[in-house]
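Notes for the one structure printed next.
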Amino acid sequence: MDALSRAGRTIGVLIVIQMVGGFLVNFVLEAPLFGPPGFLVNAAPHSQQIALGALLALILEALWVGIAVTAFPIFYEGTQRGALWFFAVAAAILALAVVENAGVMSMVTVSEAYAKASAAERLQLETVRVVVASARNWAHYMARMTDGLAIFVFYAALYRVAVIPRVLAGFGMVAAVLQIIAVAMPLFHRDVVFAMLGPLGLCQLIVAIWLIVRGFQDQPRTAVALMKH
């Protein structure tokens with residue numbers, strides 16, 4: 001297995017880990033934050049579970065940096081600007097993940113205070129609830145939009161260097177734009193359009209399987225390099 005194929009397979013595995021881990025974080029570990037009767041009541045009894053979810057979420061977002069580092073020499077050969085942009089956006093994702101998950105743990109802290117509070121104190125914490133939840137939610141939306149930007153740059157670079165079929169890279173760019181639009185809806189006082197997230201999930205799964213099975217392909221990359229010269 002050459003270095004090019006190995007890099008592709010590594011990235012494919014990292015994408016799968018992100019997808020599986022993302023499901024666990026959003027729908028299992030942090031689920032008590034969003035179910036009735038709300039995080040004020042739910043978070044404290046599940047504090048360790050939610051803390052594990054926050055830690056896992058940080059690790060999953062840090063994998064973007066790992067993907068960027070792995071892909072950097074391949075992207076840099078075909079598109080230096082794309083390689084640098086991808087690394088920069090990956091670093092921004094990790095920074096936003098720190099902010100978002102600090103917000104998650106703030107929700108846990110407020111819930112623990114609520115569990116110990118008197119009736120009068122609970123009324124005050126009901127007001128704080130809106131502020132704390134909003135801080136986490138807006139960081140979440142911004143982080144998912146930045147995820148979409150990173151994925152767009154990733155597929156744009158793949159399209160340029162042609163180490164996977166360009167139809168897959170083109171599909172990825174379109175799907176990434178759909179995610180950005182869908183998650184940006186709350187900025188305009190609308191709900192997230194979850195149906196628009198489906199194409200990206202499908203694309204990520206297809207590309208991950210492709211990369212694990214075949215890795216990056218050397219011949220298209222060579223053709224691009226020859227065209228540059």
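Over the chain, average the accessible area per residue using a 1.4 Å probe and give it in Å², no decimals.
That works out to 51 Å² per residue.
Can you put Asp191, Asp2, Asp147 in order of accessible area, largest first, using a 1.4 Å probe?
In descending accessible area the options line up as Asp191, Asp2, Asp147.
So if R0 is 25 Å, what FRET efficiency would Arg190 and Ser134 give, r being the distance between their Cβ atoms, rounded to the nearest 0.05?
It comes to 0.95.
Taking all protein chains as present, what is the carbon and sulfur share of the accessible area of the range 98-194, in % to the nearest whole number, probe 1.4 Å?
Ligands and nucleic acids excluded, carbon and sulfur reach 67 percent.
What residue among Ala113, Ala156, Ala43 shows peak mean-square fluctuation when the chain is described by a Gaussian network model with Cα springs under 10 Å?
Answer for the Gaussian network model of the chain: Ala113.
With r as the distance between the Cβ atoms of Val174 and Glu112 and R0 = 35 Å, compute the FRET efficiency 1/(1 + (r/R0)^6) and round to 0.05.
After rounding, the FRET efficiency stands at 0.20.
Kindly write out, for the range 4-13 in residue order, the coupling ³J(HN,Hα) from the Karplus curve 6.51 cos²θ - 1.76 cosθ + 1.60 (θ = phi - 60°), rounded to whole Hz, with x marking Gly and Pro.
Couplings: 5, 5, 4, 4, x, 5, 4, 5, x, 5 Hz.
Leaving ligands, DNA and RNA out of it, work out the accessible area of Ile206 with a 1.4 Å probe and give it in Å² to the nearest 10.
Its heavy atoms expose roughly 70 Å² to the probe.
Can you give the FRET efficiency to the nearest 0.05 for Asp2 and Arg166, using r as the Cβ-Cβ distance and R₀ = 22 Å?
0.55
Take the Cα pairs of the range 97-229, get the Kirkwood Rh, then feed it into Stokes-Einstein at 25 °C and 0.890 mPa s and tell me D in µm²/s.
Approximately 139 µm²/s, per Stokes-Einstein.
For the chain, what does -39500 (n - 2.57) per DSSP helix run (n ≥ 4), summed and divided by total residues, give at 222 nm, in deg cm²/dmol to the nearest 500?
Calculated from helices alone, the mean residue ellipticity at 222 nm is -28500 deg cm²/dmol.
Quick check: net charge around Thr146, other residues with Cβ under 15 Å of its Cβ, Lys/Arg +1 and Asp/Glu -1?
Result for the neighbourhood of Thr146: -2.
Which one, Gln179, Gln80, Gln18, has the greatest fluctuation when you compute a Gaussian network model over the chain with C-alpha springs under 10 angstrom?
Taking springs between Cα atoms under 10 Å, the residue moving most is Gln80.
Which order do Tyr76, Tyr114 take by accessible area at a 1.4 Å probe, largest first?
Highest to lowest solvent-accessible surface, that is Tyr76, Tyr114.
May I ask you to give the percent of accessible area on the range 1-86 that is carbon plus sulfur, with a probe radius of 1.4 Å?
71
The values are calculated or read from the model by the stated rules, or taken from the named source; none is laboratory data. Remember, it's a predicted structure, so these values are computed and weren't measured experimentally. Heads up, the Cβs are rebuilt from the backbone with ideal geometry, glycines too, and the neighbour counts pull from every protein chain shown. Calculation scope for accessible area: heavy atoms of the full protein, side chains included, ligands and nucleic acids excluded. Shrake-Rupley method; radii C 1.70, N 1.55, O 1.52, S 1.80 Å.
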